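Participant: Once you've had a glance at the structure underneath, I'll fire off some questions.
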Amino acid sequence: MYQKPLHRVNIFFKTSSLKLSLRLCHKTSKLKEKTPPKVAADVVNYLENTPDYHDIKDKVPRGLLRKYKAPESMYLINKKTAKEIVHTIKDSINGSSPIIEVNPGFGFLTEELLQCQNNPIFLYESSNQFSSYLSDLQERYPGRTTIKIEDFFGMWKLAFKDKLDQGNRVEQLLGNLCTNDTNRDVKIIGSMPGLSFVKHLINNIIFHGTTNQLGRPDLFITMPGHHYEFLTDNEIQLNKHKSMPALFQMLFKFKVLTSVPKVHFLPWTYNLDSKKVTLMDEHRLYLVNITQREELPCPSEYLPLLWYFFKPHMFSKSTRVIPMLEQWIPGCGVWIITGQDPPDTNKDLAPGEHDAKLPHMTIFTEFGDLNLKQKITVFKKFISWPEFEQCQFRVTMENNLPKSITQYDDDDKDSIGTLGTHMEDIEHSDVENET
């Protein structure tokens, strides 16, 4: 008596399953037929109406004709600006140091570099859509270039994965560029629209990442003015507390060499909707030289402690210096107030004659009253006191190390899975943060 209803239910489920399958097929076919992303009319008009781009206007990959908030890759498309950049940096790259060019694109900058010096150039291009132009250069300048279709500025993603599974992705990326000489200079030239690679360099120095195989980076980079301003903000020397700019300024030397028109690079970005006062021209990109300092603020094995000391959860500009230090070493305030040190102070770690002198300090002195160099002096005093190794600071730092001893923003962690910045993926790259 129960067979008929069961039979009907079975037919119902088969019918529903068929309908669901048909709907899924319909949606899948619609996704396959999805039209490519729209290009920006002002970008197309600029290329069409500027004589400089007559030869390339129909060859630019469609992904570069759109606008982005923060693209991962940026390409120079103007030959005159390529000449200006190379003319500016040529005296700095004529030594024996290896030269890396990142995302050469059509190869305009590459050709200028090949003509002004005799060193081979290692080309890292993240999109295979420029392969034919780079192969043509290779034929015209035999033996002068090595080409890899890889995302060099995305090295931090490979380093992160190597930490997780003890892989050798970074070593494979560098190939013949690998070195055990941490003092070997390597010239890195290109355009950098974000800060991920700078973050990677900072963390690599502090946590002794495997990418020390690269040597000492000497960057000649075009970048947006607001990024350079963020990294070099003079106010952190006075009363602000920002971890990344502080670490950057402690570990690197930097200077602006010149500026070039922003429209000479693709893709274009949306105008910043910010009321922040800036001295940088938002219509230009800045060619900057960023070089790792030869003298670091403290011995390399103490750099992770310096990193933790400057983390925002350790102190803010309104945190009082002496009460904070006495949480770790009770009674140490007397050494700060009197300007003296205990008898057993480690002279190798203590501040030297070239370190900044501290002002007269009381229990009310705040970190915001000190500039960056004076904060480093406080740190050096702290780690040189004999009680330091018995206090819990080192243990607390070790318990708070970032995952895989590499500190990345949440947005960066989310994008770990995407290794490349190929043209077809560039629309998903709007993840760069400054804070």
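The values are calculated or read from the model by the stated rules, or taken from the named source; none is laboratory data. Because the structure is predicted, anything quoted here is derived from the model rather than measured. Cβ sites come from the backbone with ideal geometry, for glycine too, and all protein chains shown count toward neighbours.
Participant: Looking at region 46-64 only, could you name the residues that are hydrophobic (A, V, I, L, M, F, W, C), in contact (Cβ under 8 Å) with a residue 40 or more places away in the chain and in a helix (DSSP H, G or I)?
Facilitator: Matches in region 46-64: 64 only.
Participant: Condition check: polar (S, T, N, Q), part of a helix (DSSP H, G or I) and at pLDDT 90 or above. Does residue 377 satisfy that? Talk me through it step by step, then tell me what you get.
Facilitator: On the way: polar (S, T, N, Q): yes; part of a helix (DSSP H, G or I): yes; at pLDDT 90 or above: yes.
So residue 377 passes the test.
Participant: Now a separate question. Output the residue which, of all residues in region 89-98 that are more than 23 Å from the chain's Cα centre (by Cα) and part of a helix (DSSP H, G or I), is surrounded by the most Cβ atoms within 10 Å (Cβ to Cβ). If you could, list the steps in order and put the result at the bottom.
Facilitator: Here is the first cut: in region 89-98, the residues more than 23 Å from the chain's Cα centre (by Cα) are 90-91, 94-96.
Then drop every residue that is not part of a helix (DSSP H, G or I), which leaves 90-91.
Working: 90: 14, 91: 10.
Filtering first and then ranking leaves 90.
Participant: Regarding region 397-418, can at least one residue be identified that is at pLDDT 85 or above and of a type in the set (Val, Ile, Thr)?
Facilitator: Step one: filter region 397-418 for residues at pLDDT 85 or above, giving 397-399.
Applying the additional criterion that residues be of a type in the set (Val, Ile, Thr) yields none.
Looking for residues that are at pLDDT 85 or above and of a type in the set (Val, Ile, Thr), one finds none in region 397-418, hence no.
Participant: Still on this structure, I have one more. If a residue must be crowded, with 16+ Cβ neighbours inside 10 Å, touching a residue at least 24 places away in the same chain (Cβ under 8 Å) and in a helix (DSSP H, G or I), how many such residues does region 99-142 contain?
Facilitator: Qualifying residue count, region 99-142: 12.
Participant: Specify the residue that is modelled with the lowest pLDDT; the eligible residues are those in region 48-72 that are within 29 Å of the chain's Cα centre (by Cα) and aliphatic (A, V, I, L, M).
Facilitator: Going through the qualifying residues, I end up with 70.
Participant: Considering only region 381-393, state which residues are more than 13 Å from residue 322 (Cα to Cα) and buried (at least 19 other Cβ atoms within 10 Å of the Cβ).
Facilitator: First pass over region 381-393, keeping only residues more than 13 Å from residue 322 (Cα to Cα): 383-393.
383, 384, 385, 388, 393 - these are the residues of region 381-393 that are more than 13 Å from residue 322 (Cα to Cα) and buried (at least 19 other Cβ atoms within 10 Å of the Cβ).
Participant: Do we find a residue being modelled with pLDDT of 85 or more, touching a Lys or Arg at 6+ places or on another chain (Cβ under 7 Å), over 30 Å from residue 188 (Cα atoms) and not assigned by TED's automatic domain parsing to the domain that holds residue 199 anywhere in region 40-47?
Facilitator: Yes.
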